[in-house]
Amino acid sequence: MVIQMWEKINEKFKKYPARIRVAEKMIELGLSLNEDGKIYCGNLKISDKALATAADVDRRAIKSTIEVIREDEELYNLFSNIIPAGTLLKNIAKSIDLGVIEIEVGSESEGILSKTTNLISKKGIGIRQAYAEDTELQKSPILTIITEEPVKGDLINEFLKIKGVTRVSIY
């Protein structure tokens, strides 16, 4: 389903790379298209200028992307139902004494989340947050796990033994 939707987005916007960047940025940031034709992050209205800057496009690309989305029932259904995922603690983890584990995943990703969280819990460390990039949308998706305390580096070799894990960073 995800692949079909991306194919539809690429087909609709194939002649307009700026529009593709707008659609990708909306999905990446959890921005939705509201009934009023405006873009929102939750209930916060996002200006065309702000989104244009984030997507590195002209503001006209925002307007034209919105028009195309509103004219297509499937695209409108997708973009009107996006919700933001919330705050990722990764960038502030060190400041609040949390640990961060980043695991790069290859094409074989089934079971990686459960296996990594199992390894962490066996060490008696709680998990505050887990965020996985979409394996269909990212070339090298990252699984980010925020732990209640920093994790020791000796777990890196254990993580690397998991099928599909290509790289591990702990900080």
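Would you pick out the residues in segment 8-45 that are among the aromatic types (F, W, Y) and either within 17 Å of the chain's Cα centre (by Cα) or modelled with pLDDT of 90 or more (or both)? Step through it out loud before you land on a result.
Restricting attention to segment 8-45, the residues satisfying the condition of being among the aromatic types (F, W, Y) are 13, 16, 40.
Once the filter is applied, which keeps residues that are among the aromatic types (F, W, Y) and either within 17 Å of the chain's Cα centre (by Cα) or modelled with pLDDT of 90 or more (or both), segment 8-45 yields Y16, Y40.
Which of the residues spanning segment 62-81 are touching a helix residue (DSSP H, G or I) at 6+ places or on another chain (Cβ under 8 Å), among the hydrophobic types (A, V, I, L, M, F, W, C) and open to solvent by less than 50 Å² (accessible area, probe 1.4 Å)?
I62, V68, I69, L75, F79
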Revision key, fill the gap. Within segment 10-36, the count of residues that are crowded, with 20+ Cβ neighbours inside 10 Å and touching a residue at least 60 places away in the same chain (Cβ under 8 Å) comes to 0
Check your understanding: Would segment 41-60 turn up any residue that is over 30 Å from E158 (Cα atoms), in contact (Cβ under 8 Å) with a residue 24 or more places away in the chain and of a type in the set (K, R)?
Key -> no
Exercise for review: Residue by residue through segment 130-171, note down the ones that are within 20 Å of the chain's Cα centre (by Cα), surrounded by fewer than 16 Cβ atoms within 10 Å (Cβ to Cβ) and either over 30 Å from N10 (Cα atoms) or in contact (Cβ under 8 Å) with a residue 40 or more places away in the chain (or both).
Suggested key: Y131, D134, E136, L137, I142, T166, R167, S169
Revision key, fill the gap. Being among the aliphatic types (A, V, I, L, M), at negative phi and assigned to a helix (DSSP H, G or I) narrows L143, L113, L137 down to just L113
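Check I96, I127, I92 and return the single one that is in contact with a helix residue (DSSP H, G or I) (Cβ under 7 Å, 6 or more places away or on another chain), open to solvent by 20 Å² or more (accessible area, probe 1.4 Å) and under 30 Å from F159 (Cβ atoms).
After applying the criteria, what remains is I127.
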Review point. Does L113 satisfy the criteria of being of a type in the set (A, V, I, L, M), within 29 Å of N10 (Cβ to Cβ) and surrounded by fewer than 17 Cβ atoms within 10 Å (Cβ to Cβ)?
Key: yes
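The values are calculated or read from the model by the stated rules, or taken from the named source; none is laboratory data. Remember, predicted model here, so these are calculated numbers, not experimental data. Positions of Cβ are generated from backbone atoms using ideal geometry, with glycine treated the same way; all protein chains shown enter the neighbour counts. The area values use the complete protein model at the heavy-atom level, side chains included, leaving out ligands, DNA and RNA. Shrake-Rupley method; radii C 1.70, N 1.55, O 1.52, S 1.80 Å.
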